[in-house]
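As structure tokens, the structure follows; a few thoughts come after it.
The values are calculated or read from the model by the stated rules, or taken from the named source; none is laboratory data. Every value quoted in this text rests on a predicted model; they were computed, and no experiment measured them. Virtual Cβ from ideal backbone geometry, glycine too; neighbours counted across all protein chains shown. To get the accessible areas, we keep the full protein, side chains included, count just its heavy atoms, and leave off ligands, DNA and RNA. Shrake-Rupley method; radii C 1.70, N 1.55, O 1.52, S 1.80 Å.
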There are 2 protein chains.
Amino acid sequence: MTAGARGGYAKGRAKRTEILDQAMALFGEAGYRGASLRVIATRCGISHPGLLHHFPTKEALLLAVLQRRDDVDDEWLALGVTRGIDHLRRLVDLAELNAKRRGIVELFSVVAAEATSPDHPAHAYFEARYRTSVANTERAYAQAREAGELRDGVEPAAAAQQFIALMDGLQIQWLFSDCTTDMAGVLRGYVQAQLTVRF
Amino acid sequence: MTAGARGGYAKGRAKRTEILDQAMALFGEAGYRGASLRVIATRCGISHPGLLHHFPTKEALLLAVLQRRDDVDDEWLALGVTRGIDHLRRLVDLAELNAKRRGIVELFSVVAAEATSPDHPAHAYFEARYRTSVANTERAYAQAREAGELRDGVEPAAAAQQFIALMDGLQIQWLFSDCTTDMAGVLRGYVQAQLTVRF
DNA sequence: CCTACCGATCGGTAGG
DNA sequence: CCTACCGATCGGTAGG
């Protein structure tokens, strides 16, 4: 033990964070089913029962990983604050940020597809996530409509659904293209074509 | 053996087709990694070494499943024949048809996401598939441009990439929405907004 | 946090 | 096409 090794709680919290980081990476690389607790544990320098001391089951670990990512992103999006096209801009900026974090893109693309199966542990999680993502985006489009910033014929509900679908589809292409696809650029162009103002 | 049980080759071919059907369904439900040869074999009424008599490895089975689907779809799309917005219409019709075949949508959504991992057996397959899908769609948009059917500002390359991304993203939402998302309707609306003529 | 173990399941092969 | 088996690996638990 080195000097300043007091505070077992802090150390436990650090290990917990390390586990979440490594689990995110492996769930992204191999999917939930393809990832093993032993590999995650080894990458953290502990045994797999050691990992299960921090998270009781593999399922609990997955949900903790997903929840942590959403908490960080939701805070960054400032959901309660930004409105209208400001919110759309935030979503595009998030795509730009994600282009520097392949692990996160992999995690959500791969596990979301896996979770379309009704008996997948994250099925309910993603079902709710899509509902709120589309609903929040629809609200942003509706506010843009009120502000007169939306072109005629652009319908908020359809536009929101398209926007979320576009984000997901671009992530898959981005992963296959060795991260050369310009996700944020494509999204920006898509939204700009719907607006009467400069985006 | 019942009467007319002659023709062992025909029987073998029928069993092979049955295996491909059941494999497609299970790969879609559970992904490649999550599916097991034993479960597929049981659903076909044979043992798993029996299955391996028809397909030497699990990987060969997956590639055979994917290839068969693409062959059927490519023929249906009549790639060499349709041009311009006729080709786009075919793609939308394919989405409409797929809305009646959940297994196929699951297969491509789930396995494509899995295959973003570079060491996945279908990685090269999907990489090539995306390249040609986007290229074919870009060609269709370019032909529409030549025919004067495309609005100003619509760029074939970007539009093609968006169209394919939209298809993929909608399939995920469709699977989570219990097949209530109107994939073809959304795609039709998207394309119509890019055209100067009735789609 | 560890070692040691449980029962289950995996893809693939041997031998017929 | 079958039974029977291989070595490997899985999530989770016992007991400390």
Checklist entry - In whole percent, how big is the carbon plus sulfur part of the accessible area of segment A:1-64, probe 1.4 Å, protein atoms only? => result 57
Checklist entry - For segment B:1-62, what class follows from the C-alpha gyration tensor (a ≥ b ≥ c being the square roots of its eigenvalues): rounded when a/c is under 1.5, otherwise prolate if a/b is larger than b/c, else oblate? => result prolate
Checklist outcome for this item: By accessible area (1.4 Å), largest first, B:154, B:65 order as B:154, B:65
Next on the checklist: How would segment B:1-124 be classified by its alpha-carbon gyration tensor: rounded, prolate or oblate, with rounded meaning a/c under 1.5 and the a/b versus b/c comparison settling the rest?
Outcome noted: oblate
Checklist outcome for this item: Computed about the Cα centre, the charge dipole of segment A:85-199 from +1 Lys/Arg and -1 Asp/Glu charges at the Cβ has a magnitude in debye, to the nearest 20, of 300
Item to check | Within the accessible area of segment A:78-199 (1.4 Å probe), percent carbon and sulfur | outcome: 50
Checklist entry - Counting only other chains, what is the mean number of Cβ atoms within 10 angstrom of the Cβ of each residue in peptide B:34-44? => result 1
Next on the checklist: For chain B, what does the helix formula give at 222 nm: sum of -39500 (n - 2.57) over DSSP H segments with n ≥ 4, over the residue count, nearest 500 deg cm²/dmol?
Outcome noted: -24000 deg cm²/dmol
Item to check | Chain pair B, A: total accessible area buried, heavy atoms, 1.4 Å probe, Å² | outcome: 2800
Checklist outcome for this item: Ranked by GNM mean-square fluctuation in chain B (Cα springs under 10 Å), the top entry among B:34, B:153, B:45 is B:153
Next on the checklist: Checking buried surface per residue: for segment B:113-128, which residues lose a minimum of 30 Å² accessible area in the protein assembly relative to the chain alone (1.4 Å probe)?
Outcome noted: B:113, B:116, B:127
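Please list B:53, A:54, A:123 from largest to smallest accessible area, probe radius 1.4 Å, with all protein chains kept in place. Don't jump to the answer; show the numbers that get you there.
On the way: B:53 150, A:54 50, A:123 30 Å².
These residues rank, largest area first, as B:53, A:54, A:123.
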Item to check | Average accessible area per residue (Å²) across the protein assembly as shown - probe 1.4 Å, nucleic acids and ligands excluded | outcome: 47
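With contacts defined as alpha carbon pairs under 8 Å and 6 or more residues apart, what's the relative contact order of chain A in percent? Don't skip to the answer; put the middle values down first.
Details: 169 pairs, mean separation 40.5, N = 199.
RCO, chain A: 20 percent.
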Checklist outcome for this item: Note to self: C-alpha centroids of segment A:25-86 and segment B:98-146 sit apart, in Å, by 28
Checklist outcome for this item: Amide H contacts under 5 Å for residue B:195, restricted to residues at least 5 apart in sequence or on another chain and with H modeled in the peptide plane, are B:151
Item to check | Relative contact order (%) - criterion: Cα under 8 Å, at least six apart; region: segment A:1-64 | outcome: 31
Checklist entry - segment A:78-199: D in µm²/s via Stokes-Einstein (Kirkwood Rh, Cα pairs, 10 °C, 1.306 mPa s)? => result 105
Checklist outcome for this item: Using alpha-carbon positions, the gyration tensor of the protein assembly as shown gives root eigenvalues a ≥ b ≥ c; with a/c under 1.5 called rounded, otherwise prolate if a/b exceeds b/c, else oblate, the class is oblate
Item to check | Nearest-20 debye value, segment A:1-64 charge dipole, Cβ charges on Lys, Arg, Asp, Glu | outcome: 220
Next on the checklist: Whole-Hz ³J(HN,Hα) for each residue in segment B:173-190, computed from phi via Karplus 6.51 cos²θ - 1.76 cosθ + 1.60 with θ = phi - 60°, x for glycine and proline: what do you get?
Outcome noted: 4, 4, 5, 6, 8, 6, 6, 9, 4, 8, 4, 5, x, 5, 4, 4, x, 4
